[in-house]
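Values quoted throughout were computed directly from the atomic coordinates according to the rules given, and no laboratory measurement underlies them. A quick note: this is a predicted structure, and the numbers were derived from the prediction, not measured. When we count neighbours, we look across all protein chains shown, and the Cβ atoms used for this are built from the backbone with ideal geometry, even at glycine.
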């Protein structure tokens, strides 16, 4: 199940975040209520303006509470940093041959070059 902001994610009693995009696998759908009650399988943050909150604060919180993956998408540079949760921290995962296949979620695969090509096309059509 995929969701986009605004959607609260309750990581603890006093820790609530709101990712740009998130994904919860079918096997963990019980955490989906009016809000997401627990760490998602995948969190996607899209960098805009200052990136400190997304790249440091929210990254650390999602690592601490066990989100499976954390992707940082930078539209300016057209880069995606794929991070996978291992032993309480996120580790950079590489895309092979311009394709990223999630090691945790077999249903999640992204053709990176095709993704950016579509973003450029959509952005261009928005300006016309």
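Going by the structure shown, is residue 32 more than 20 Å from residue 119 (Cα to Cα), under 14 Å from the mean Cα position of the chain (by Cα) and surrounded by fewer than 18 Cβ atoms within 10 Å (Cβ to Cβ)?
Here the answer is no, as residue 32 does not meet what is asked.
I need the full set of residues from the stretch 1-49 which are more than 17 Å from residue 85 (Cα to Cα), in a loop (DSSP other than H, G, I, E, B) and in contact with a helix residue (DSSP H, G or I) (Cβ under 7 Å, 6 or more places away or on another chain), in order please.
Across the stretch 1-49, the qualifying residues are 1, 47.
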